[in-house]
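> Structure provided below as structure tokens; questions to follow.
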Amino acid sequence: MSPRRSLGNPAYQVAGSVPELMRKYCRALLLTFLVGTIMVAEGSDYPALQPLVDSTEEHGLLVPPPGTYSGPVVLERSITIDGAGKVTIDGGGKGSVIYIETDGATVKNLRLTNSGESHNDIDSGVQVKGNFNVIKDNVIDDTLFGIDLAQSEHNIVRRNRISSKALELGLRGDAIRLWYSVGNKITDNIIRNSRDTVVWYSSDNLIARNDARGGRYSLHFMYSQYNEVVENHYEGNSVGIFLMYSDGVVVKDNYIAYATGPTGMGIGFKETSDVEISGNQVLHCATGLYLDVSPYQPDTTNRIFNNLVAFSGIGILFLNDWKGNLFRGNQLNGNITQVAVGGARTAKRNDWSGNYWDDYQGFDRDRDGVGDTPYELYSYADRIWMDVPPARFFKGSPVLEVLDFLERLAPFTDPEMVLRDDTPIMSAEISRK
């Protein structure tokens with residue numbers, strides 16, 4: 001007989017002799033019955049899952065019988081809980097549903113619901129304080145925060161479906177929160193109607209192929225270096241990706257759309273250096289790209305290559321006339337204002353080369369794919385909306401269009417050159433290669 005086998009219920013797969021397995025199985029059933037009775041006596045409708053967790057040995061597998069169980073559940077050993085898509089854990093409206101306080105545990109195929117509402121305690125679907133844990137294929141709903149990783153390394157958060165409590169946007173918790181956490185992989189999660197995904201004081205994490213909608217910040221970095229953000233889909237959030245004081249980040253091949261509202265932006269940087277922004281599609285945003293004193297570190301650059309920035313109010317907005325950004329191979333198409341700079345300054349101190357501009361009016365007589373004359377962008381009367389904030393209401397309106405036309409026809413003052421691209425690309429397809 002195999003030393004590892006299932007008795008009675010395949011849920012309890014632990015090592016040992018047949019009598020030992022039988023004793024543990026009976027003890028688990030007894031504990032479940034007793035705890036369930038106590039919980040019902042205290043007004044709960046569900047038995048507790050914790051006794052089954054406690055009866056599972058180190059590195060063991062627990063597949064609870066289908067049904068709903070009461071939380072919280074605390075994991076202090078490296079076990080696997082597999083709900084097989086048939087188990088719900090209800091937090092009872094207090095605290096977090098699951099606490100992982102160990103290394104090497106796995107939580108999968110569960111529905112986790114009804115956490116508390118304390119922001120101070122970070123009431124979550126799953127709170128992680130450990131390393132090399134796996135949280136995957138769970139449905140996490142009606143929880144304030146979704147998954148919280150604090151001082152945790154090399155965890156995997158994959159294919160979870162996360163939504164917050166039905167509160168005002170600013171009062172919801174974050175779908176996924178990394179705090180002083182290194183080397184984690186956050187991939188293939190679906191997020192709906194949570195607040196933010198945040199990566200704070202955390203480095204060397206991978207955030208890939210997630211789909212977030214209906215929130216505030218799709219992804220917010222603060223003091224977090226050398227992270228990688230790849231192939232995410234962020235739509236209908238107030239802000240797409242925002243990098244604050246976070247150097248060496250790679251943001252590649254993401255789709256960001258409909259970041260609208262007064263502060264809406266696709267990708268924003270504040271005092272951030274040495275980043276690569278490449279291959280992204282930024283569409284239908286109030287502002288496509290926003291740069292605030294970036295790059296900040298001396299003798300560094302930000303490399304902004306081969307992005308599509310289209311159908312936005314402002315394609316690229318600079319807070320001031322900072323320098324050190326390289327814009328190459330980007331496609332700017334259908335934006336009301338291609339590039340704007342606060343404070344009546346220009347963006348000429350940045351490197352503009354080989355970008356596609358849909359308002360370029362030059363020719364390509366030698367048919368080499370590059371315009372024969374430079375693309376030059378000037379600010380005329382249409383920048384009134386920047387100097388006089390109330391005029392922003394009329395941005396893109398016929399009133400400002402007429403003023404802009406008259407200013408171009410017979411300038412009352414010398415227009416200010418915003419930028420010059422000496423090698424504008426004639427075809428959008430070429431610039432995206």
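The values are calculated or read from the model by the stated rules, or taken from the named source; none is laboratory data. Please read all numbers here as calculations on a predicted model, not as lab measurements. Every residue, glycine among them, receives a Cβ derived from its backbone with ideal geometry; neighbour counts consider all protein chains shown.
> Suppose we filter ARG111, ARG195 for residues that are closer than 23 Å to VAL239 by Cβ and touching a Gly at 6+ places or on another chain (Cβ under 9 Å); which single one remains?
Exactly one residue qualifies, and that residue is ARG195.
> Looking only at the stretch 42-81, filter to residues that are small (Gly, Ala, Ser) and within 32 Å of the chain's Cα centre (by Cα); which one of those is surrounded by the most Cβ atoms within 10 Å (Cβ to Cβ)?
Per the criteria, the residue is GLY71.
> Considering only residues of the stretch 90-100 that are within 26 Å of the chain's Cα centre (by Cα) and part of a strand (DSSP E or B), which is surrounded by the fewest Cβ atoms within 10 Å (Cβ to Cβ)?
TYR99
> Do any residues in the stretch 130-149 that are within 15 Å of LEU178 (Cβ to Cβ) have Cβ atoms under 8 Å from those of residues that are of a type in the set (Asp, Glu) and crowded, with 18+ Cβ neighbours inside 10 Å, where the two are at least six apart or on different chains, and which pairs are they?
Going by the 8 Å Cβ cut-off, the qualifying pairs are ASN131/GLU153; PHE145/ASP123; PHE145/ASP174; GLY146/ASP174; ASP148/ASP174.
> When you scan the stretch 250-276, how many residues do you find that are outside any loop (DSSP other than H, G, I, E, B) and over 15 Å from the mean Cα position of the chain (by Cα)?
2
> Another question about this same structure. Return the pairs, sorted by first residue and then second, in which the second residue is among the aromatic types (Phe, Trp, Tyr), the first residue lies in the stretch 97-113 and is closer than 14 Å to THR56 by Cβ, the beta carbons are less than 8 Å apart, and the residues are 6+ apart or on different chains.
Going by the 8 Å Cβ cut-off, the qualifying pairs are GLY104/PHE132.
> Are there any strands (runs of 3 or more DSSP E) wholly within the stretch 117-184 with 1 or more residues that are among the aromatic types (Phe, Trp, Tyr), crowded, with 19+ Cβ neighbours inside 10 Å and at pLDDT 95 or above, and if so which?
Passing ranges, in order: 145-150.
> Right, here's the next one. Take PRO64 and tell me if it is closer than 23 Å to ARG161 by Cα and in contact (Cβ under 8 Å) with a residue 40 or more places away in the chain.
So PRO64 fits the description; yes.
> Give the residues of the stretch 150-182 that are in contact (Cβ under 8 Å) with a residue 24 or more places away in the chain and among the acidic types (Asp, Glu), sorted by residue number.
GLU153, ASP174
> For the stretch 240-249, which positions are more than 10 Å from the chain's Cα centre (by Cα) and either not small (Gly, Ala, Ser) or not in a loop (DSSP other than H, G, I, E, B) (or both)?
LEU243, MET244, TYR245, ASP247, VAL249, listed by residue number.
> If you don't mind, another one. I want to confirm something. Restricting to the stretch 223-282 and keeping residues that are farther than 22 Å from VAL182 by Cα and among the aromatic types (Phe, Trp, Tyr), which single residue is surrounded by the fewest Cβ atoms within 10 Å (Cβ to Cβ)?
Across the stretch 223-282, the extreme among qualifying residues is TYR255.
> Output the number of the condition that ASP366 fails; it satisfies all remaining conditions of (1) under 34 Å from the mean Cα position of the chain (by Cα); (2) surrounded by fewer than 15 Cβ atoms within 10 Å (Cβ to Cβ); (3) modelled with pLDDT of 80 or more.
That leaves (1) as the condition not met.
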